[in-house]
1. Among 30, 95, 104, determine the one that fluctuates most according to a GNM of the chain built with springs between C-alpha atoms less than 10 Å apart.
2. So if I take the centroid of the Cα atoms in region 62-131 and the same for region 28-52, what is the distance between those two points in Å?
3. So who's got an amide H within less than 5 Å of the one on residue 123, skipping anything under 5 residues away but keeping other chains? H placed 1.01 Å off N, in plane.
4. In a GNM of the chain with a 10 Å cut-off on Cα contacts, which of 54, 25, 81 has the highest mean-square fluctuation?
5. Please list 3J(HN,Hα) in residue order for region 47-56, calculated via the Karplus relation 6.51 cos²θ - 1.76 cosθ + 1.60 where θ = phi - 60°; whole Hz, with x for glycine and proline.
6. What residue among 120, 106, 71 has the largest mean-square fluctuation in a Gaussian network model of the chain, using Cα springs under 10 Å?
7. Have a look at the chain and give its Rg and Dmax from the Cα atoms, expressed in angstrom.
8. Around residue 95, under 14 Å between beta carbons, what's the net of Lys plus Arg minus Asp minus Glu among the other residues?
Amino acid sequence: MTMREQESKVTYIRFQTRVQDAYSHRPTGVFMAVNALREFNEVAPYHMEELERHLSWLKMHLKSPPELKYDGNERALSWFHPRAKEPIKRVRAMVEILREYGVVIDQVSTDCPGYVVYEDGWQIVAKPFRR
């Protein structure tokens, strides 16, 4: 690999649980973990307010890619571009709250997420390569 190729590689970031999604057979993401926490656990009001504040900001500023709902994209995963500083900061704050309730979230990264089916300034959606 040339020096130019190494410089042009982007390392994408994903926050995921250790719970496998029934459709994608991949680990579920942090947003599904927040939804599950809201549905099934008693969350302290101040934590709920903080989660809602971050989720509202993300909903306002981070597009929900329609490609995630298309047939054939069931295995697709969302990844943050490293330049998505503010969204990543907010997700990390949510991860800290999730961890307080025993939810294990891993931050994973890759420079080869698969076939990219969507991209904007802060995120990509990619279908993992088959093994």
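1. 104
2. Taking the Cα centre of each part, region 62-131 and region 28-52 sit 18 Å apart.
3. The list, which skips near neighbours in sequence, is 81.
4. Ranking 54, 25, 81 by mean-square fluctuation puts 25 first.
5. Here the 3J(HN,Hα) series is 5, 4, 4, 5, 4, 4, 4, 5, 4, 4 Hz.
6. It is 71.
7. So, for the chain, Rg and Dmax equal 15.4, 52 Å respectively.
8. It works out to a net charge of +2.
Every number in this text was worked out from the coordinates using simple rules, so none of it is lab data. Given the structure is predicted, the values throughout are model-derived calculations rather than measurements. Heads up, the Cβs are rebuilt from the backbone with ideal geometry, glycines too, and the neighbour counts pull from every protein chain shown.
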